[in-house]
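The values are calculated or read from the model by the stated rules, or taken from the named source; none is laboratory data. What you see is a predicted model; the values in this text were computed from it and never measured. Because the Cβ atoms are built from the backbone with ideal geometry, glycine has one as well, and the counts that use them run over all protein chains shown.
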Amino acid sequence: MKALFVEDAYLSTAEALVTSVREDGGIMLDQTCFYATSGGQPGDTGFLERDNGERITIAGTLNGASKSEIIHLPAPDQPSPEIGEKLVLHIDWERRHKLMRMHTACHLLSVVCPYPITGASVSETDSRIDFDMTETIDKAEVTAKLMDLVNANHPIYTQWISEEDLDANPDLVKSKNVRPPRGQGRIRLVCIGENAAIDSQPCGGTHVTETTEVGEIHIGKIEKKGKENRRFRIRFGPTPD
């Protein structure tokens with residue numbers, strides 16, 4: 001199965017062949033532009049279009065036994081495709097683009113707050129990152145620094161390194177609890193800034209290609225979650241009055 005979103009996060013439609021249909025109705029394809037839930041980013045929704053124009057609504061996308069298996073989960077009472085059938089895939093682009101912007105915003109927050117990450121969750125409207133930190137920090141100050149990065153219009157791109165390169169540069173991994181998936185010989189990095197001057201970290205998620213595309217964001221809340229844990233909530237739009 002070829003994960004098309006790995007190389008092109010802006011691919012909102014594609015053609016694919018059905019390779020199998022699971023007992024629970026989950027649909028497997030030879031390739032897909034649908035992102036599967038991983039790394040705090042939810043899987044894509046959308047629909048699969050048959051030759052006769054009939055639609056199969058996809059309510060969620062998950063990984064199977066490994067990252068190389070992507071399962072498209074139909075909504076209730078949807079038609080089931082045939083093995084070998086050709087489908088046209090359509091992701092819910094408006095939702096995906098919000099997730100791309102928000103996931104990128106989370107990376108920017110990890111630059112402004114360079115502490116180990118203990119948890120993260122991305123959504124279309126409100127995302128969070130938990131940091132292993134004890135410092136008190138002002139949310140207005142964090143918001144201002146985030147917007148400085150956004151407005152600087154830094155490029156965002158991906159590159160691949162070997163697992164050996166990652167072993168030699170362990171500081172690339174910001175998550176305290178989650179390690180990048182291994183076993184395929186290479187690791188995908190998401191880089192921000194010319195020559196990754198702003199940031200570089202392993203990530204399999206989808207992101208925009210320049211920081212201005214994130215748009216206006218702000219820190220809605222900073223919560224104390226234990227003695228050494230702070231939860232930052234990122235929201236779209238200006239800081240409310």
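Residues of the range 182-209 that are surrounded by fewer than 16 Cβ atoms within 10 Å (Cβ to Cβ) and not small (Gly, Ala, Ser): Arg182, Gln184, Arg186, Glu194, Asn195, Thr209.
Looking at Ile137, Ile91, Ile70, just one residue is buried (at least 20 other Cβ atoms within 10 Å of the Cβ), β-branched (Val, Ile, Thr), touching a strand residue (DSSP E or B) at 6+ places or on another chain (Cβ under 9 Å) and under 26 Å from Phe236 (Cβ atoms), and that residue is Ile91.
Counting residues in the range 43-63 that are modelled with pLDDT of 95 or more, surrounded by 20 or more Cβ atoms within 10 Å (Cβ to Cβ), in a loop (DSSP other than H, G, I, E, B) and not hydrophobic (A, V, I, L, M, F, W, C) gives one or more. Evaluating Cys191 against the criteria (1) within 21 Å of Gln41 (Cβ to Cβ); (2) part of a loop (DSSP other than H, G, I, E, B); (3) in contact with an Asp or Glu (Cβ under 8 Å, 6 or more places away or on another chain) leaves one unmet condition, (2). When Asn63 is tested against (1) more than 26 Å from Gly119 (Cα to Cα); (2) of a type in the set (S, T, N, Q); (3) without any contact (Cβ under 8 Å) to a residue 60 or more places away in the chain, exactly one condition is not met: (1).
Applying a threshold of 9 Å to beta carbon distances and a minimum spacing of six or more residues, or different chains, the list of pairs starting in the range 66-82 at a residue that is farther than 13 Å from Ser38 by Cα and ending at one that is among the basic types (Lys, Arg) reads Gln78/Arg55; Pro79/Arg50; Pro79/Arg55; Pro81/Arg50.
Restricting to the range 112-130, name every residue that is of a type outside the set (S, T, N, Q) and buried (at least 17 other Cβ atoms within 10 Å of the Cβ).
Kept after step one, since they are of a type outside the set (S, T, N, Q), are these residues of the range 112-130: 112-117, 119-120, 122, 124, 126, 128-130.
Listed by number, the residues that qualify are Val112, Cys113, Tyr115, Ile117, Gly119, Ala120, Val122, Arg128, Ile129, Asp130.
Residues that are under 15 Å from the mean Cα position of the chain (by Cα) and farther than 30 Å from Thr57 by Cα number at least 3 in the following strands (runs of 3 or more DSSP E) confined to the range 76-186: 156-162.
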